[in-house]
Amino acid sequence: MVRNSEQAIIRFLSILRATEPPQYVSGEVLARRAGVSRSAVWKQVRRLRSYGYGIDSMRGAGYRLARNTQSPVPWELKNRLKTRTLGRDVMYLGSTDSTQSIALSMANKKLRAADGLVVIADRQSSGRGRLGRKWLSPQGGLWFSVLIRPKMATAQVTVLPFVAAIAVREAIVKCTGIEPRLKWPNDIMISGKKVAGILLDISAEAESVNYAVIGVGINANIDASMLAPQVTSLHGITSLRTELGHEVSRLDLVATMLESLEYYLDILAKDGPTEIISAWKKHADMLGRRVEILSNDGPNYDGIAFDLEEDGSLLLMLDTGKKIGITSGDVRVRY
Ligand code: BTN
């Protein structure tokens, strides 16, 4: 769905991009070509700047597109995506409570948003993390939720967060060159510090899934110290900007992640979880190590994390020699 205001921006940008490299276009020509008044031209320039485009203005010459945006605005994202379904509809918000809540409410029976809807926000006031935790979501991070309507047996949904984690990892590798590691269940880590997390909400019947919303939080261009309250005794927190020493394009990051996500979702649908679980294991460095499992509602365990089941549960060898499967909780790795 292309909204009216979006169409006006796309039209305006295409006028500014008519020459390569972009040249100055006078306000008068812009107004005429876009079919708007001179004051509407100025408003549009301000809007583009607020979306992160660099627009030079020169008295007597007009306006020139000096720099493209790196923000995940829908018209650029849709243009860039080579996906079949994911990101065909994008909702981009400056600020919201939680993209997860928005996507979930849009998925319900009344609104029935389409398969592949992506909701992105610059800031969240009530971002949600796993196990009912709060997820701090200041400006500069990449906070988004993806609605999917997979033809999938309910028993397989536990694999979805692993699919998302490998897609986030792959996007970070491709966009930054950094090679994050994965930590059970769904954390993406750089040098032992958490850089991104995944949240899954589903609506399912006994046999099949109605829809799933995959929430992704990537600490992209933020100061990691702003996230201090999120630091736990389990791990520190970092951001891509902190690791790289410069900003990353959130537009590239979300586009690459959605392409990877669609690719791995197709593999899951076609071949089942085997390849997903083995891709996850390849990038996890906790297997074979002594860990402590901290459970929200059950007992805590100590043992060697030795494998992952096809449903994503973590296999633990207790000191007694007994093997158990863990389906939820947090892990502290003892290095
Ligand atoms: C975790 O605890 O590791 C999961 C964090 C997931 C955060 C993302 S940010 C976008 C989406 N909206 C939310 O409210 N949460 C998820």
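The values are calculated or read from the model by the stated rules, or taken from the named source; none is laboratory data. Every value quoted in this text rests on a predicted model; they were computed, and no experiment measured them. All Cβ positions, glycine included, derive from the backbone under ideal geometry; neighbour counts span all protein chains shown. In case anyone asks, the SASA skips ligands and DNA or RNA and just uses the protein heavy atoms, side chains included. Shrake-Rupley method; radii C 1.70, N 1.55, O 1.52, S 1.80 Å.
Within the range 199-210, the residues that satisfy the criterion of being surrounded by fewer than 22 Cβ atoms within 10 Å (Cβ to Cβ) and either of a type in the set (K, R) or near the ligand (Cβ under 10 Å from one of its atoms) (or both) are L200, D201. May I ask you to list the residues in the range 216-239 that are of a type in the set (V, I, T), within 13 Å of the ligand (Cβ to nearest atom) and open to solvent by less than 10 Å² (accessible area, probe 1.4 Å)? Result: V216, I218, I222.
Pairing residues of the range 183-201 that are within 19 Å of T158 (Cβ to Cβ) with residues that are part of a loop (DSSP other than H, G, I, E, B) and near the ligand (Cβ under 9 Å from one of its atoms), at Cβ distances under 6 Å and at least 6 apart in sequence or on separate chains, gives I198/N186. Can you find a residue in the range 119-130 that is away from the ligand (no atom under 13 Å from the Cβ) and either of a type in the set (D, E, K, R) or under 16 Å from the mean Cα position of the chain (by Cα) (or both)? Within the range 119-130, none of the residues are away from the ligand (no atom under 13 Å from the Cβ) and either of a type in the set (D, E, K, R) or under 16 Å from the mean Cα position of the chain (by Cα) (or both).
Annotation note: Cβ proximity below 7 Å between a residue of the range 16-32 that is open to solvent by 80 Å² or more (accessible area, probe 1.4 Å) and a residue that is modelled with pLDDT of 95 or more (sequence gap 6+ or interchain) occurs for R17/L65; Q23/R64. Residue selection: T327 fails the criterion of being in contact with a helix residue (DSSP H, G or I) (Cβ under 8 Å, 6 or more places away or on another chain), in contact (Cβ under 8 Å) with a residue 24 or more places away in the chain, closer than 28 Å to A212 by Cα and crowded, with 20+ Cβ neighbours inside 10 Å.
The single residue among R149, R133 that is open to solvent by 60 Å² or more (accessible area, probe 1.4 Å) and either within 16 Å of the ligand (Cβ to nearest atom) or under 17 Å from V213 (Cα atoms) (or both) turns out to be R133.
Considering V168, V213, V173, V163, the condition of being open to solvent by less than 10 Å² (accessible area, probe 1.4 Å) and either assigned to a strand (DSSP E or B) or more than 16 Å from the ligand (Cβ to nearest atom) (or both) is satisfied by V213 alone. Whenever a residue of the range 122-150 is under 22 Å from M226 (Cβ atoms), its partners that are open to solvent by 60 Å² or more (accessible area, probe 1.4 Å) and within 6 Å of the ligand (Cβ to nearest atom), lying with C-beta atoms within less than 6 angstrom and at least six residues away or across chains, give the pairs W135/R128. Evaluation of V2 against the conditions (1) surrounded by 14 or more Cβ atoms within 10 Å (Cβ to Cβ); (2) at pLDDT below 95 shows that the sole unmet condition is (1). Checking each residue in the range 249-305 for being without any contact (Cβ under 8 Å) to a residue 60 or more places away in the chain, over 13 Å from V159 (Cβ atoms), of a type in the set (S, T, Y) and not in a loop (DSSP other than H, G, I, E, B) picks out only Y301. Would you mind stating whether T158 is modelled with pLDDT of 95 or more, more than 13 Å from the chain's Cα centre (by Cα) and open to solvent by 40 Å² or more (accessible area, probe 1.4 Å)? Criteria met by T158.
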